[in-house]
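The values are calculated or read from the model by the stated rules, or taken from the named source; none is laboratory data. Remember, it's a predicted structure, so these values are computed and weren't measured experimentally. Every residue, glycine as well, gets a Cβ built from its backbone with ideal geometry; the counts of neighbours run over all protein chains shown.
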Amino acid sequence: MIGGLFIYNHKGEVLISRVYRDDIGRNAVDAFRVNVIHARQQVRSPVTNIARTSFFHVKRSNIWLAAVTKQNVNAAMVFEFLYKMCDVMTAYFGKISEENIKNNFVLIYELLDEILDFGYPQNSETGALKTFITQQGIKGQLQTKEEQSQITSQVTGQIGWRREGIKYRRNELFLDVLESVNLLMSPQGQVLSAHVSGRVVMKSYLSGMPECKFGMNDKIVIDKQGKGGASDDAGKSDLGGGSGKQSIAIDDCTFHQCVRLSKFDSERSISFIPPDGEYELMRYRTTKDIILPFRVIPLVREVGRTKLEVKVVIKSNFKPSLLAQKIEVRIPTPLNTSGVQVICMKGKAKYKASENAIVWKIKRMAGMKESQISAEIELLPTNDKKKWARPPISMNFEVPFAPSGLKVRYLKVFESKLNYSDHDVIKWVRYIGRSGIYETRC
Amino acid sequence: MYCFTEVLYHGKNHLISCNSAEKIMFSQHNPLFSVDGSLSSRSQEFLCIFLCACTSIICCSSDCHCVTFFLNLHQHSFYYFFYCLQENRQFGSKMTDSKYFTTTKKGEIFELKAELNSDKKEKKKEAVKKVIASMTVGKDVSALFPDVVNCMQTDNLELKKLVYLYLMNYAKSQPDMAIMAVNTFVKDCEDPNPLIRALAVRTMGCIRVDKITEYLCEPLRKCLKDEDPYVRKTAAVCVAKLHDINAQLVEDQGFLDTLKDLISDSNPMVVANAVAALSEIAESHPNSNLMDLNPQTMNKLLTALNECTEWGQIFILDCLANYTPRDDRESQSICERVTPRLSHANSAVVLSAVKVLMKFMEMLPKDLDYYGTLLKKLAPPLVTLLSAEPELQYVALRNINLIVQRRPEILKHEMKVFYVKYNDPIYVKLEKLDIMIRLASQANIAQVLAELKEYATEVDVDFVRKAVRAIGRCAIKVEQSAERCVSTLLDLIQTKVNYVVQEAIVVIKDIFRKYPNKYESVIATLCENLDSLDEPEARAAMIWIVGEYAERIDNADELLESFLEGFHDESTQVQLQLLTAIVKLFLKKPTETQELVQQVLSLATQDSDNPDLRDRGYIYWRLLSTDPVAAKEVVLAEKPLISEETDLIEPTLLEELICHIGTLASVYHKPPSAFVEGNHGVQHKGLPGSAGSAESESPDAVSAGAATEAPAAVIPSQGDLLGDLLNLDLTPPATTGPLPHSGGMQMGAMDLLGGGLDSLLGGDLGGSPAMGAGFGAPPAAMPPAFSAPVSGSLYDLFDLDNGVGMPLGSFCPPKTVWLPAMKAKGLEISGTFVRHAGVIQMEMTITNKAMSVMTGFAIQFNRNSFGLAPAGPIQVPSPLSPNQNIEVSLPLNTVGPVMKMEPLNNLQVAFKNNIDVFYFSCQYPISVLFAEDGKMERQVFLATWKDIPNENESQFQIKDCHLNSDAASNKLQSINIFTIAERTVDGQDMLYQSMKLTNGIWALAELKVQAGNPNYTVSLKCRAPEVSQCVFQSYEAVLKN
């Protein structure tokens, strides 16, 4: 198991050092500094073995977090724990920076004592931790016996992510379907690889211990219902609205720990008691029938040895009523570029020498439109034999729909003990599609 | 610009004055503050602001009289620092904890002491915080121990936690003082607040002081049965802590049983922690039946799995993976209950679930529908892991690499997800590339090649090299693609990027080996780049190509001659290659190249001090001078083809690693024993189906095993390129087809040189029989094909000098590799222990696999259970040349310092040479410690047997031993286990035996031998029952030998 945990600043000075196991000595702190932080080379592996001691590290801005062990630990667990540690710290005091860590070092020690016992990760849900570890010192003495046992049962209980007795005047929930489309396209317009990785983020402000059921247009579920002949009326109370594809094939999905996985496995229904506030309900990945919001058509022509002509056309490929935002096209230029003239029909384009690229920005663009940019690039003659590698043209954008075609069909809330029903809950759904790595080779 | 500034402030009365543009000085008496004159005026401006900022800080923290700032900053950071300070000033008196990190000075400890003893609670807390901050930075604040402990009795939980933190760090250095804390702990364990009870028991377990652990037992017992689950789950982990400090105590106090009961606890988190604790304890007792996994417990665990936290699920899944299901039906039902975990958001849960499934799948019949379903279910979660953070992607990719080798069918359609992204960190890129090669097949090769070509134009040198190499691997793996690969490689060579060209030439050489006489048209292009090659591997590859195809290259002699000029500056690899290539050339075009060949032979034999080169030179020389026809047959022999698969992990290791999916072992691709000290988790794990005995193995498993074993011949890695005389490229002879042929050739070669070497060494030393013996062994047993016998003969020469021989008659376990060359910069040590005529000898074979000579050998032992120590310094005739090995026998005595080791017969050794000091540990058979006077009187035996309590008796089974009792008795006598009496009851021979260890411990044994039953039973009684296990191992080793 984890033998110790150290936090360093960018210079390699220790800010936090907590040792859990006897086999980790003080010299381990220095070993990591010397061999990894101060190493001349770029990091070649997130796991380093120095003198039979293994160091796992992650870096957040300028801060290094390192877990140390001498045993054959579960490596995936150690990294998951380090990420979790970062989440917990962020939830407590915001950005992970040297200053924040120094300002909160007592708190961090307290957290480390609680979420890692003898190197074994314990309950690390911020919701639960915040009930008894607070920045204002511990409430310890002020609590009644009931409160204490409520805390302990939450920390150890089956529903460690939610406490009892939450009350809201208005029961409300927000669902965000956030997707990022990834594309790699050949110059001829052939899709080399494309996938959508999506997340369903939920903000819940619900009283009591509500039982929720979430439904989407998952192909497997829809097909099953179709076969049964009885199309569930849940399908009609369509939250998302809109038409488009009936159902989508989800390659794989993972869920927050509140979701009952065995039920999903057997019935493919997503049921859970949600944590309070914001959290990520699920992640999913699709590769089939993706709506690619934009098509990039590049044309690069070399005119002699000192000139390049570039023409790029982008076409938006979605309903004309929708608007895409924050569109940015990045056209790489050779290292020996001496000057660039750009003409674009829409938006603004600029040659940025420091980034070796022409950056073309368009604020808004409706569906089924097309726009074009052309540029003349002057090159300095070089005797460098190595050819210019022609990096791909990349794109950024944001669209108000889910490129995977995912639709939320329903989210039902049941709370038997309290006096509110599914209809009383105000529900909001929003779809945002963003570009992930959206590249077209030229 | 760097500047080094030291600011020292005194008191509250200060004044800043700027004397000149060059210097800023303090008023008062001396220039307390001076700045490098080259500071720009802008930075001085800031400096002033900075000083003002300091002032305000110091003003507002009243107890801080003095501040020293050491700044060694780049100018920008300088600005930034000022900025921060200004920010701080804006907060005014609202001070944050960060101040504790900056305040230091000489009288600090004294001041802290005063503050710790202050009456004011706030001040006390502040002081403790300062102490903790100093502790973090690595300062020794142990002197404050009593003062800090005094703060422990408080109602303030925050203060209490801080004190506990301090205690955990320093209790070990001040054990007597730590006792002071015991009372508070015991009291806290009774506190009505469960959080405090848990805190006390948690902290107490972290204080590794014997005296405290005694006091811990009672509170711990109570806490294990506490009504509050939070306390119970903390107590469960505490048992593991206590076990780590004092295993005996935990057993004596019966905590293990309580812990086992907790597996049935109603609270899932208690169950998870109990499982974690038990698994850890069980690992240090490999033979105990602690983690008694039976169907009932399995059921409980599987139920808890659905309910506990993500971490708990990991503990439980890792524990489940150790279970061996009784039959395929049970196996399937477990798999069914584990599969839902594949959708968990936590990657570690997913990987642990994959481990359980991969392992239990072995038991499922392949024609089962469920088997196919399961295979399909495994792919999506593995792919999803690749969208995690980069560090986890790395862990996932290392594991996928194993999974793909074991079950290629799972991911065969998922090639695209392994395409490298522009922004991936380099470690992810390299791993993806590895998997792409493994998944390459005829179906997807076109895409893969296109991708690889893209990668070859990237920036990172290592990555580009690997991509180029990957193209070559594809050519070798997918025959249909070879032509396209070669043309891609040629394109890359045209780029003239130095390292790309070199890498391409190395792989093209391999392609020539795989498809002889097919792509020779490219040789001309290769030759154009001859001058740009500066790496030994590429030069050697190019020379090989020139030599191999000498008849097609018109100016081959000129090309080779050009290399010859700097012969002595080349690396050994290139020298050997050059020697062979010129001999080949000579055999092909004898008329024009006679001069050249003589030149190279004389360079190799007369001017070189590398024995390999010299030997090879002599062999060629003699071959050419005695029988050129034979020489032609030898040197120009047809070469065996190289195999398809590359860099495969050896099947047994792969099986073990599959059992360790998700753990460090799977990341390093090494068994845990390679990087874990002691025996924590070093037990060898195997897959259930194939690890079992032959009859239980399903036919599928056999075929699967055979399938993975067959292509195990691997293209040699750079390390062992030395060696093969015939330039056969050192294929470890696992490809069975062409092997006998080449083996025959090697033998022929040796016969030719046998006599020659004799005369060369001027010896009637009997070199040829020794070499004959070296060669008689089947080549498979000697992977480093040629170098071994050659140096073996050298060793024989030394051997005669030393007069070391194997003692006849006494038992000697085979040598094992203690220190692999990979870990010790080329030094390899294998060895064993024997006892001969009352003297314990450590027999070692020391091999130099490095490129340079080794000298200055020395050896030392760590303290060990029986006080083994070298009786004298180690005698190694140095220097030890590269690729030479040597036998050394080191007499040992048992008068060294004693410390109990785990396991008992573990010996930690430090071995030194001129390069470095290396550490390894080995285990000696305890039989070397059995004294010659170990025969007990009958009466004494009887009395002693009765006298030793029955708890100390342990029974062992020795299976499959086909000796009769007399033979067994004789064999055992050879390791000083003496038979005292013998009787026969119901056709069973009972042998009563005794042995005595060098430290005076007697062990008594009863050996039951039944005619016709190959299983023996040994009952051992000893006053020190720890040794029984080791003694039994000796029994087994000697009887089975």
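The set of residues in the stretch B:211-269 being part of a loop (DSSP other than H, G, I, E, B) and closer than 19 Å to B:VAL182 by Cα consists of B:ASN246 alone. Checked against the criterion of being under 16 Å from B:HIS344 (Cβ atoms) and outside the structural domain of A:ILE331 (by the TED database), the stretch A:286-298 has no qualifying residue. Of everything listed in (1) part of a helix (DSSP H, G or I); (2) at pLDDT below 90, the single unmet condition for B:ASP367 is (1). If you go through the stretch A:102-112 and keep only what is surrounded by fewer than 21 Cβ atoms within 10 Å (Cβ to Cβ), within 26 Å of B:PRO229 (Cα to Cα) and within 8 Å of another protein chain (Cβ to nearest Cβ), you end up with just A:TYR109. Within the stretch A:150-185, restricting attention to residues that are within 30 Å of A:PHE294 (Cβ to Cβ) and within 14 Å of chain B (Cβ to nearest Cβ), the residue that is farthest from the chain's Cα centre (by Cα) is A:MET185. A:SER271 meets the conditions (1) surrounded by fewer than 21 Cβ atoms within 10 Å (Cβ to Cβ); (2) modelled with pLDDT of 90 or more; (3) away from every other protein chain (no Cβ under 14 Å); (4) within 23 Å of B:SER343 (Cα to Cα) in every case but one. The failed one is (3).
When the stretch A:70-101 is limited to residues that are out of contact with any strand residue (DSSP E or B) (no Cβ under 6 Å at 6 or more places or on another chain) and surrounded by fewer than 18 Cβ atoms within 10 Å (Cβ to Cβ), the one that is farthest from the other protein chains (Cβ to nearest Cβ) turns out to be A:ALA91. In the stretch B:611-631, the residues that are without any contact (Cβ under 8 Å) to a residue 12 or more places away in the chain form Cβ pairs under 8 Å with partners that are among the hydrophobic types (A, V, I, L, M, F, W, C), at six or more places apart or across chains, as follows: B:ARG614/B:ALA604. Does the stretch A:283-293 contain at least one residue that is charged (D, E, K, R), buried (at least 16 other Cβ atoms within 10 Å of the Cβ) and closer than 30 Å to A:MET202 by Cα? Yes, the conditions are met somewhere in the stretch A:283-293.
Screening B:THR488, B:THR495 for residues that are on the phi < 0 side of the Ramachandran plot and either among the basic types (Lys, Arg) or surrounded by fewer than 20 Cβ atoms within 10 Å (Cβ to Cβ) (or both) leaves exactly one candidate, B:THR495. Restricting A:MET395, A:MET345, A:MET365 to those that are surrounded by fewer than 13 Cβ atoms within 10 Å (Cβ to Cβ) and not acidic (Asp, Glu) reduces the list to A:MET345. The numbered conditions (1) surrounded by fewer than 17 Cβ atoms within 10 Å (Cβ to Cβ); (2) modelled with pLDDT of 80 or more; (3) touching a helix residue (DSSP H, G or I) at 6+ places or on another chain (Cβ under 8 Å) are all true for B:PHE110 except (3).
Every test in (1) crowded, with 22+ Cβ neighbours inside 10 Å; (2) of a type outside the set (A, V, I, L, M); (3) over 25 Å from B:VAL428 (Cβ atoms) is passed by B:GLU483 save one, and that test is (1). The criterion of at least 2 residues that are within 14 Å of another protein chain (Cβ to nearest Cβ) and farther than 30 Å from A:LYS219 by Cα is met, among strands (runs of 3 or more DSSP E) falling completely within the stretch A:328-442, by A:393-399. State whether the residues of the stretch B:601-618 include one that is in a helix (DSSP H, G or I), more than 14 Å from every other protein chain (Cβ to nearest Cβ) and either among the basic types (Lys, Arg) or over 26 Å from B:LYS849 (Cα atoms) (or both). Yes; the residues of the stretch B:601-618 include at least one that is in a helix (DSSP H, G or I), more than 14 Å from every other protein chain (Cβ to nearest Cβ) and either among the basic types (Lys, Arg) or over 26 Å from B:LYS849 (Cα atoms) (or both). Across the stretch A:10-29, the number of residues qualifying as more than 7 Å from every other protein chain (Cβ to nearest Cβ) and of a type in the set (Ser, Thr, Tyr) comes to 1. From the list B:THR832, B:THR894, B:THR845, B:THR855, which residue is β-branched (Val, Ile, Thr) and farther than 30 Å from B:GLN1029 by Cβ? Answer to the selection: B:THR855.
One residue stands out among those in the stretch B:400-420 that are in contact with a strand residue (DSSP E or B) (Cβ under 9 Å, 6 or more places away or on another chain) and part of a helix (DSSP H, G or I): the one that is farthest from the other protein chains (Cβ to nearest Cβ), which is B:VAL417. Residues in the stretch B:858-898 that are out of contact with any helix residue (DSSP H, G or I) (no Cβ under 8 Å at 6 or more places or on another chain), in contact (Cβ under 8 Å) with a residue 40 or more places away in the chain, small (Gly, Ala, Ser) and on the phi < 0 side of the Ramachandran plot: 2 in all. For the stretch B:932-950, the criterion of being surrounded by 14 or more Cβ atoms within 10 Å (Cβ to Cβ) and in contact with a helix residue (DSSP H, G or I) (Cβ under 6 Å, 6 or more places away or on another chain) is satisfied by no residue at all. Residues in the stretch A:167-192 that are crowded, with 17+ Cβ neighbours inside 10 Å and either among the small types (Gly, Ala, Ser) or not in a strand (DSSP E or B) (or both): 2 in all.
If you go through the stretch B:175-184 one residue at a time, do you hit one that is within 12 Å of chain A (Cβ to nearest Cβ) and either among the β-branched types (Val, Ile, Thr) or under 25 Å from A:LEU5 (Cβ atoms) (or both)? Scanning the stretch B:175-184 turns up no residue that is within 12 Å of chain A (Cβ to nearest Cβ) and either among the β-branched types (Val, Ile, Thr) or under 25 Å from A:LEU5 (Cβ atoms) (or both).
When residues in the stretch A:46-63 are screened for being surrounded by fewer than 19 Cβ atoms within 10 Å (Cβ to Cβ) and either within 13 Å of B:PRO390 (Cα to Cα) or of a type in the set (A, V, I, L, M) (or both), 4 of them pass. Output yes when any residue across the stretch B:240-262 is surrounded by 21 or more Cβ atoms within 10 Å (Cβ to Cβ), on the phi < 0 side of the Ramachandran plot and among the aromatic types (Phe, Trp, Tyr), and no when none is. Yes, the conditions are met somewhere in the stretch B:240-262.
Looking at the stretch A:21-138, what helices (runs of 4 or more DSSP H) fall wholly within it and have at least 2 residues that are closer than 30 Å to B:LYS429 by Cβ and touching a residue at least 24 places away in the same chain (Cβ under 8 Å)?
Values: elements: A:27-32, A:75-93, A:98-103, A:105-115, A:126-132.
Ranges flagged: A:27-32, A:75-93.
Hey, could you check the stretch B:225-273 for residues that are in contact (Cβ under 8 Å) with a residue 40 or more places away in the chain, β-branched (Val, Ile, Thr) and within 15 Å of B:THR309 (Cβ to Cβ) and say which is nearest to the other protein chains (Cβ to nearest Cβ)? Ranking the candidates gives B:VAL237 first. Would you mind stating whether B:LEU293 is surrounded by 22 or more Cβ atoms within 10 Å (Cβ to Cβ) and either touching a Phe, Trp or Tyr at 6+ places or on another chain (Cβ under 9 Å) or within 14 Å of another protein chain (Cβ to nearest Cβ) (or both)? When the stated conditions are applied, B:LEU293 does not pass them. Residues that are surrounded by 14 or more Cβ atoms within 10 Å (Cβ to Cβ) and either under 15 Å from B:PRO1014 (Cβ atoms) or modelled with pLDDT under 80 (or both) within the stretch B:972-992 comprise B:GLN988, B:ASP989, listed in sequence order.
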